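The values are calculated or read from the model by the stated rules, or taken from the named source; none is laboratory data. These numbers were taken from a predicted model, which means no experiment stands behind them. We place every Cβ from the backbone using ideal geometry, glycine too, and count neighbours over all the protein chains shown. Remember, those area values only see protein heavy atoms, side chains included, never the ligands or the DNA or RNA. Shrake-Rupley method; radii C 1.70, N 1.55, O 1.52, S 1.80 Å.
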Amino acid sequence: MRILIAAGGTGGHIYPALAVVTQLRTRLPELELRWLGGHRGLEQDIVPTQAGLALDRLWLRSLRTVDASINSVLDPLRLAASVPQAVWQLARWRPDAIYTTGGYVAIPVLAAAALLRIPSLLWEGNAVPGRSVRLSARLATVRTVSFRVTEARLPAPTFVTGTPIRALTSRGLTAHDRAAAHARLGLPVDVPVLLVFGGSQSVRRLTDAVAEAVSDLVERCCVVHITGSVAIEEATALREGLPTERRERYRPVAFLHDDMDAALLAADLLVGRAGSSTLAEAAAAGLPMIVVPYPHAAAHQRANAAEMVEAGAALLVDDADLDGDTLRQACDLLFDDRLEAMAEAARSVGRPGAAVAGAELLVALATGGPLPAQSELDAIVGTRPA
């Protein structure tokens, strides 16, 4: 069996696809996989190293800039030129099914798949579908979504599966073994942990807020700060400026690829964006959140966060209001009786088996078998994968 993964841009598009790849490989050891991405996105670094797959790239840029530039003119041309390129890639390899996580890569790939009559599965992680998904959703054979409110916004058949995430119980960890997670990260077991994470890209406002408050925070808690590559030097210098006896309580790291599961299980509270993957991993780990929607996608991220906020698992803070005082208040919450109720609420909305459900649907498409019913998928997504 051959399956093509089409995903690129930010980690929010790449890591869900990686989670599905892991489940496919567990189920079908002889499976042939290829990955099709674009230029400028994180896939060029992540896919070869973490998935062990060769990466083919279309001419389009999978990670676009929001500022006006010559690329505003060139990007539509690159997108159009990528359609015949995608047709050639698919005709050359002829996969049995295609899995795509939206973004600009999805548009030419789904167009080519429809032309060549190759079954495809499109996953949309935002509560409000993005532009590329709105343009290409009808070209997909089947769609899956993270939020129930999204189902009515896309053509049938669309299934609610949640966001595919990595297993949080790998490398000797169990879902409730905080001590093992603390040990993996070298954190003291008896000190609460605040995890600050802005997603797969650096977040200037989070970095500034940490710099403003860290000297106060480390007196009361440990701070694991995932900075991204841009801000790691600044954060490392900030750590060196702390008193020697408190430096171990501030742990800045650029990325936590292999140890992200440990960070999620060790943390008592997460401050971060409202990307679909961040929310899904926090819910699966039973981790309360202070959600700070990304300002350039505030409507989408607010809608994403609504489920956790309404369930009582998260508090919402506007990006413009995020500062050192926000983090100091987050530290206060670590010692508040509300935290345990928030953790239980987070677990109640988790769908840890979403990647298994995605793999189940993909195999059905690839083999021409019947698609599982929504009730069958509901049973799958509520189960933590091995």
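How many residues does region 52-110 hold that are on the phi > 0 side of the Ramachandran plot and acidic (Asp, Glu)?
0
Those residues that are under 12 Å from Ile118 (Cβ atoms), surrounded by fewer than 18 Cβ atoms within 10 Å (Cβ to Cβ), in contact with a helix residue (DSSP H, G or I) (Cβ under 9 Å, 6 or more places away or on another chain) and not aliphatic (A, V, I, L, M), I need them from region 88-105; list them, please.
Answer for region 88-105, where residues must be under 12 Å from Ile118 (Cβ atoms), surrounded by fewer than 18 Cβ atoms within 10 Å (Cβ to Cβ), in contact with a helix residue (DSSP H, G or I) (Cβ under 9 Å, 6 or more places away or on another chain) and not aliphatic (A, V, I, L, M): just Arg94.
Against the conditions (1) more than 28 Å from Thr367 (Cα to Cα); (2) of a type outside the set (Gly, Ala, Ser); (3) surrounded by fewer than 20 Cβ atoms within 10 Å (Cβ to Cβ), where does Glu32 fall short? Just the number, please.
Evaluating Glu32 over (1) more than 28 Å from Thr367 (Cα to Cα); (2) of a type outside the set (Gly, Ala, Ser); (3) surrounded by fewer than 20 Cβ atoms within 10 Å (Cβ to Cβ) leaves (1) as the failure.
Report, by residue number, each residue of region 265-284 that is over 17 Å from Asn126 (Cα atoms) and part of a helix (DSSP H, G or I).
Across region 265-284, the qualifying residues are Leu265, Ala266, Ala284.
List pairs: first in region 361-378 and open to solvent by 20 Å² or more (accessible area, probe 1.4 Å), second in a helix (DSSP H, G or I), Cβ under 6 Å, 6+ apart or cross-chain?
Short answer, once both residue conditions are applied: Leu371/Ala364.
Just a yes or no: is a residue in region 244-264 in a loop (DSSP other than H, G, I, E, B) and at pLDDT 95 or above?
No: region 244-264 contains no residue that is in a loop (DSSP other than H, G, I, E, B) and at pLDDT 95 or above.
As an exercise: evaluate Ala167 against (1) in a loop (DSSP other than H, G, I, E, B); (2) closer than 15 Å to Glu307 by Cβ and give the number of the one condition it does not meet.
Only one criterion is unmet by Ala167, namely (2).
Which of the residues spanning region 6-25 are farther than 13 Å from Thr163 by Cβ, among the hydroxyl-bearing types (Ser, Thr, Tyr) and assigned to a helix (DSSP H, G or I)?
Scanning region 6-25 gives a single hit, Thr22.
Please determine, by comparing only the residues of region 203-232 that are over 20 Å from Val189 (Cα atoms) and among the acidic types (Asp, Glu), which one is least open to solvent (accessible area, probe 1.4 Å).
Going through the qualifying residues, I end up with Asp208.
Out of Ala299, Ala346, Ala341, Ala320, which single residue is touching a residue at least 12 places away in the same chain (Cβ under 8 Å), in a helix (DSSP H, G or I), open to solvent by less than 60 Å² (accessible area, probe 1.4 Å) and small (Gly, Ala, Ser)?
Exactly one of Ala299, Ala346, Ala341, Ala320 is touching a residue at least 12 places away in the same chain (Cβ under 8 Å), in a helix (DSSP H, G or I), open to solvent by less than 60 Å² (accessible area, probe 1.4 Å) and small (Gly, Ala, Ser), namely Ala346.
Pull up region 54-87, narrow it to residues that are open to solvent by less than 20 Å² (accessible area, probe 1.4 Å) and touching a helix residue (DSSP H, G or I) at 6+ places or on another chain (Cβ under 8 Å), then point me to the one that is nearest to Ser277 (Cα to Cα).
Restricting to residues being open to solvent by less than 20 Å² (accessible area, probe 1.4 Å) and touching a helix residue (DSSP H, G or I) at 6+ places or on another chain (Cβ under 8 Å), the top hit is Ser62.
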